[in-house]
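A quick write-up on the structure given underneath.
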Amino acid sequence: MHKLLLFICFLFLLGLGNSIYRQDMSNAIFQIVIACILFLLYVVFRRNARKKADFEGWLLTNREQFMMSSELIYDGIRLDKDSELVQYEVCFSFALISLRSKTRHYVKGYHYTPLLNLMFTAYTFLFGWWALPFGPIYTLRSIGSNLFSKPKLLHTVVGELAVAQAAESKDT
């Protein structure tokens, strides 16, 4: 998703050059603002993807220790097998392309999950509709998932990741 954001940011910057050439400053300012917002979102989602991969890899590496130990510490966060994790869905649409993806896992009680839920739901509400036919469908599914999903226990998440890893290694 983050590569699509960067590509669309580049398209707005190309349009900016055209607006400056035509001396259409109101349109140029609009394009600068949109390009900056898209670039900021690119940075946020790229960082999110990196943290998601790191955390999921760490969980898989330490999955047996969770069952034996009372708690482990990841990046200053104390986790035990009964810690609750929350994952949100986001949707981004542009023209004919609509993408839906999951965020990294957030620890309930450590991260401020109501604000994160609001932030990811608002992002999906603003940027998810703009592709037909799947934009509205993905947007409603993502918003519904964010509003009605419940936190999962850490040992459940680790089990799901282990199953996904086994299925992935079986396919290759």
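The values are calculated or read from the model by the stated rules, or taken from the named source; none is laboratory data. Everything quoted here is computed from the prediction, not taken from an experiment. When we count neighbours, we look across all protein chains shown, and the Cβ atoms used for this are built from the backbone with ideal geometry, even at glycine. Side chains are part of the model used for accessible areas, which takes the heavy atoms of the whole protein and leaves out ligands, DNA and RNA. Shrake-Rupley method; radii C 1.70, N 1.55, O 1.52, S 1.80 Å.
Considering each residue of segment 100-126, count those that are of a type outside the set (S, T, Y), open to solvent by less than 60 Å² (accessible area, probe 1.4 Å) and not in a helix (DSSP H, G or I), and give that number. Full working, then the answer.
Here is the first cut: in segment 100-126, the ones of a type outside the set (S, T, Y) are 100, 102, 104-105, 107-109, 111, 114-120, 122, 125-126.
Next, only the ones that are open to solvent by less than 60 Å² (accessible area, probe 1.4 Å) stay: 104-105, 107, 111, 116-117, 120, 122.
Right, trim to not in a helix (DSSP H, G or I) and you get 104-105, 107, 111.
Qualifying residue count, segment 100-126: 4.
Right, I73: over 18 Å from the mean Cα position of the chain (by Cα), more than 27 Å from L147 (Cβ to Cβ), aliphatic (A, V, I, L, M) and in a strand (DSSP E or B) or not?
Against the criterion (over 18 Å from the mean Cα position of the chain (by Cα), more than 27 Å from L147 (Cβ to Cβ), aliphatic (A, V, I, L, M) and in a strand (DSSP E or B)), I73 qualifies.
Conditions (1) in contact (Cβ under 8 Å) with a residue 12 or more places away in the chain; (2) surrounded by 12 or more Cβ atoms within 10 Å (Cβ to Cβ), marked per residue:
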position	(1), (2)
I32	yes, yes
I37	no, yes
A49	yes, yes
E64	no, no
L79	yes, yes
L85	yes, yes
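Of everything in segment 142-152, what is touching a Lys or Arg at 6+ places or on another chain (Cβ under 7 Å) and either open to solvent by 30 Å² or more (accessible area, probe 1.4 Å) or not in a helix (DSSP H, G or I) (or both)? Give them in sequence order.
Scanning segment 142-152 gives a single hit, P151.
Filter segment 51-62 down to residues that are more than 26 Å from K3 (Cβ to Cβ) and either part of a helix (DSSP H, G or I) or open to solvent by 50 Å² or more (accessible area, probe 1.4 Å) (or both), then give me how many there are.
The number of residues fulfilling the criteria is 1.
With respect to the numbered conditions (1) of a type outside the set (V, I, T); (2) modelled with pLDDT of 90 or more; (3) within 19 Å of the chain's Cα centre (by Cα); (4) open to solvent by 40 Å² or more (accessible area, probe 1.4 Å), which one is the sole condition not fulfilled by M25?
Checking M25 against (1) of a type outside the set (V, I, T); (2) modelled with pLDDT of 90 or more; (3) within 19 Å of the chain's Cα centre (by Cα); (4) open to solvent by 40 Å² or more (accessible area, probe 1.4 Å), the one that fails is (3).
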